[in-house]
1. Check whether at least one residue in the range A:265-284 is under 30 Å from B:Leu262 (Cβ atoms), within 14 Å of chain B (Cβ to nearest Cβ) and part of a helix (DSSP H, G or I), and report yes or no.
2. How many residues does the range B:222-271 hold that are at positive phi and within 13 Å of another protein chain (Cβ to nearest Cβ)?
3. Please verify whether the range A:175-194 includes one or more residues that are farther than 15 Å from A:Ala146 by Cβ, open to solvent by less than 40 Å² (accessible area, probe 1.4 Å) and not aromatic (Phe, Trp, Tyr).
4. Out of A:Val101, A:Val181, report the one residue that is at pLDDT 95 or above, within 19 Å of A:Trp215 (Cα to Cα) and within 21 Å of the chain's Cα centre (by Cα).
5. Of the residues B:Leu254, B:Leu173, which is touching a Leu at 6+ places or on another chain (Cβ under 8 Å) and modelled with pLDDT of 95 or more?
6. Mind listing just one residue for me: the one in the range A:309-326 that is among the small types (Gly, Ala, Ser) and either surrounded by 14 or more Cβ atoms within 10 Å (Cβ to Cβ) or part of a helix (DSSP H, G or I) (or both) and, of those, nearest to the other protein chains (Cβ to nearest Cβ)?
7. Say we look at the range B:52-102 and pick out the residues that are in a helix (DSSP H, G or I), more than 14 Å from every other protein chain (Cβ to nearest Cβ) and of a type in the set (Lys, Arg); which of these is surrounded by the fewest Cβ atoms within 10 Å (Cβ to Cβ)?
8. What number of residues in the range B:153-172 are among the hydrophobic types (A, V, I, L, M, F, W, C) and open to solvent by 10 Å² or more (accessible area, probe 1.4 Å)?
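The values are calculated or read from the model by the stated rules, or taken from the named source; none is laboratory data. Just so we're clear, the structure is a prediction, and the values are computed from it rather than from any experiment. Note: ideal-geometry Cβ built from the backbone for every residue, glycine included; neighbour counts use all protein chains shown. Surface areas here come from the heavy atoms of the whole protein model, side chains and all, with no ligands, DNA or RNA. Shrake-Rupley method; radii C 1.70, N 1.55, O 1.52, S 1.80 Å.
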Amino acid sequence: MGAGTLLSPVPEELSAATGSDAALRRFLHGLPGVDQVGAEARASALAGRSVKATAKAFAIDLAIRMVDLTTLEGADTRGKVRALSTKAMRPDPADPTCPAVAAVCVYPDMVGTARATLAGSGVHVASVATAFPSGRAAPAVKLADARDAVQAGADEIDMVIDRGAFLSGRYLEVLDQIVAVGEVCGRPDGTRAHLKVICETGELQTYDNVRRVSWLAMLAGADFIKTSTGKVQPAATLPVTLVMLEAVRDFRFATGRQVGVKPAGGIRTTKEALAYLVMVNEVAGTDWLDPDLFRFGASSLLNDLLMQRMRMTTGRYSSPDYVTVD
Amino acid sequence: MTAPLEEPATARRVEVRKTYKLFVGGAFPRSESGRSYVVQDTAGRFLANASAASRKDARNAVQAARKAFAGWSSRTPYNRGQVLYRVAEVLEGRRAQFIDEVQRSEGVGRRQARALVNLTVDRLVWYAGWADKIGQVVGGTNPVAGPYLNFSVPEPTGVVAVLAPSGSSLLGLVSVLAPVIVTGNTVVVASSHQRPLPAITFSEVLATSDVPGGVVNVLTGPLGDTAPTLASHLDVNAVDLIGLVGDAERATELEQSAADNLKRVLRAPVREPDWARDPGLERMTAFLETKTVWHPIGV
């Protein structure tokens with residue numbers, strides 16, 4: 001699958017943008033600038049919305065279905081991945097009405113273990129790749145990393161972009177790398193693993209850069225754009241996600257293709273998760289309120305969602321004693 | 001000595017009508033609900049405004065107490081004793097204010113208010129002394145018929161919710177609070193609804209002594225808003241219902257909701273005890289768990 005096929009649904013003025021480094025730079029720098037104060041004010045205004053009662057119960061279940069349950073530690077073991085995968089299928093063992101999460105997100109060498117545990121459950125296996133989290137490796141190594149993960153059975157590949165190249169303005173290089181990983185995501189049977197592009201917005205300095213990198217990733221054929229690795233502070237923030245949601249909305253307007261958004265890192269409480277959902281609804285639209293188009297990259301968020309869920313069903317506040325220690 | 005500043009005869013000073021806040025996690029937040037209520041003295045005169053805590057404030061307080069538990073319970077008993085002793089020192093330094101508040105809140109005479117405050121300071125010192133002694137008194141090695149060293153140690157129960165006595169606003173409060181924290185528990189206190197001022201001022205004492213934030217959290221306001229939440233909260237390990245003396249119906253209700261996660265419940269007595277009497281160890285041991293260890297010894 002080459003760049004041509006990935007970009008095929010893109011209108012001519014957009015595909016022309018990816019023709020050369022100069023054209024791409026012209027296009028990305030021609031995007032309207034982000035009003036920083038405005039974006040932050042809008043994000044905090046939306047975060048203040050109150051979601052109660054049945055709407056809250058619905059939102060909590062939706063948020064659980066959107067969680068990419070993540071473990072990306074050097075100390076990960078097969079046992080831990082198995083335990084996490086089991087939890088992903090039945091987050092609240094005491095309550096069969098509790099939905100499963102969207103995916104389990106692990107390092108490539110753990111994909112096989114997760115795959116085996118999750119087989120037939122409908123929960124996806126996502127794998128980080130391309131020398132996560134820094135992305136500092138030779139292109140061939142990065143591609144081999146991603147290929148490995150796909151062969152091991154990953155449904156989704158979370159790749160990191162080369163932030164160094166992006167910040168020094170070598171946009172075409174970044175684009176080509178994403179396209180190359182996108183090709184590797186193809187399986188022999190013609191299907192392909194979904195490609196999530198991690199922009200690591202904590203290293204991109206400005207909201208303008210966030211908007212540019214979002215468009216860059218989408219032009220390169222990303223199925224999802226993801227804020228952060230979770231290894232860099234600040235990780236996901238509301239304003240950054242707002243800018244990304246605007247980008248996917250505008251991209252659909254321009255091309256008809258819907259790209260997903262995944263804030264990752266630093267989202268720990270139900271309250272924060274609900275603020276994100278409100279923002280998805282208000283900025284991108286209800287079409288994006290779907291686990292196929294919006295995800296939370298998180299590990300501790302799920303426990304808080306479960307505790308809030310217990311609170312909604314039993315009427316009393318729950319305790320961390322009643323959820324797993326991950 | 002300098003001459004005292006004299007007020008001009010004609011100037012009528014505008015009174016500062018204070019609104020007190022809650023004490024949660026070492027900070028003084030307003031109630032999440034934004035509500036407050038008027039506190040009156042026994043004669044019905046305005047004393048101050050106090051925050052009316054909601055169930056979400058109770059939840060936040062439990063969260064703060066849970067967060068503080070690991071640090072507080074792992075301090076050495078000796079250090080906890082020192083901290084409590086320091087609280088007594090700071091309280092001693094603010095005697096005048098406490099005497100005034102106790103007098104106005106409880107409607108007692110000046111002399112009796114002074115005696116109550118003195119007794120409160122003494123009570124704190126007394127409990128501070130117990131910090132590194134209670135373990136020896138209620139724990140120890142046990143004789144067993146086998147090749148084992150068998151010993152028992154008391155450990156704190158966890159987060160304790162205390163409904164403070166409604167009558168004795170300072171001595172009663174300290175008499176139920178000190179035994180809970182001296183052994184390493186952390187606490188959420190729902191203060192007396194009618195007489196919250198000494199509790200709030202006491203939290204100012206705690207904030208300026210060495211008690212880590214979150215070890216003691218003080219909620220003011222109607223018990224009906226906070227007590228059911230505290231009693232049913234799964235992250236609360238024990239509850240002291242002393243504040244429900246004479247309200248058997250509500251006490252039973254709370255005992256039932258406390259049963260969900262098998263909280264330890266210190267039931268409300270028929271009438272409020274005489275706080276001036278020797279307190280004994282009961283209030284400390286009520287919130288201790290005994291851990292017994294069988295250690296094999298080579299014979």
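1. yes
2. Number of matching residues: 1.
3. yes
4. Step by step, each of A:Val101, A:Val181 is checked, and only A:Val181 is at pLDDT 95 or above, within 19 Å of A:Trp215 (Cα to Cα) and within 21 Å of the chain's Cα centre (by Cα).
5. None of the others qualify; the one that does is B:Leu254.
6. Here the residue is A:Ser319.
7. Within the range B:52-102, the match that is surrounded by the fewest Cβ atoms within 10 Å (Cβ to Cβ) is B:Arg95.
8. 1
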